[in-house]
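First the structure, in the form of structure tokens, and then the observations on it.
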């Protein structure tokens, strides 16, 4: 079942909505649903926010099972951030357990969404952060929400957001430059599940996967057989694992097609601190730097 939440809009509209808890100037206690989002909140909050991620590093945000400790985190939060669009289906259950009756901030409000057909139904792709321009929208929404929670530190939040937007635009430029080195007909990648749809549309890459939008879905034998035929026809030679997903199905496809391992992509979860994808910008650069060589024509 897909749950949707009413998004908090920009500051001018917030008066008519259930407010987040007001925080004293100095520190906003924020909770984010998963590590990618938590990192962006940290970038905007800076020294005026403490941020906790409910889903841990290398954790799957689709199959997350909240604990009583997570309920306490909600109770102590000044503001709660979700990506929305069906990603955090477990949040309703967690909110009930915590007695939380507020309105979480849906950071994907305003993102141009993509739909696709899965099992005969139209579904919205929730993986919006894999297009960098969408994270620019996240950044502005997060800034607005932090200002509502702590208006006395508004100037700091705005400055942090502006600095981060500059870094995101540099990242977007980097991706486009790297992808442009690959011939258009070679821009195909095999990975575990359909989590790179926004990336593929934004940057002109075809992402192929045996599983659907959620790691909770099961690919049918017919779907897997069709994908194997397509990979053989197109000559895709490299496959990628995902850090937060079960690797068995993509390995099965790779064995049947003769594809070779290209490394681990980070798509829904950051690595632990010190890993190759400890923050959002590092995560995207890591993925691009693995994909581009794998897509190049053989020497």
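The values are calculated or read from the model by the stated rules, or taken from the named source; none is laboratory data. Source: prediction; values computed, not measured. For neighbour counting, all protein chains shown are included, and Cβ atoms are generated from backbone atoms with ideal geometry for every residue, glycine included.
All of 15, 71, 23 fail the test of being modelled with pLDDT under 95, assigned by TED's automatic domain parsing to the domain that holds residue 110 and in a helix (DSSP H, G or I), apart from 15. Figure legend. Inter-residue proximity from the range 145-166: first residues in the same structural domain as residue 44 (by TED's automatic domain parsing), second residues assigned to a loop (DSSP other than H, G, I, E, B) and modelled with pLDDT of 95 or more, beta-carbon distance below 6 Å, spacing 6+ or different chains. Indicated pairs: 149/78. For the range 111-137, a tally of residues being without any contact (Cβ under 8 Å) to a residue 60 or more places away in the chain and assigned to a loop (DSSP other than H, G, I, E, B) returns 4. Entry remark, the range 42-63: residues being surrounded by fewer than 21 Cβ atoms within 10 Å (Cβ to Cβ) and assigned to a loop (DSSP other than H, G, I, E, B) number 6 in total. If the condition is being over 18 Å from residue 39 (Cβ atoms) and surrounded by fewer than 13 Cβ atoms within 10 Å (Cβ to Cβ), then the range 154-175 contributes 155, 173.
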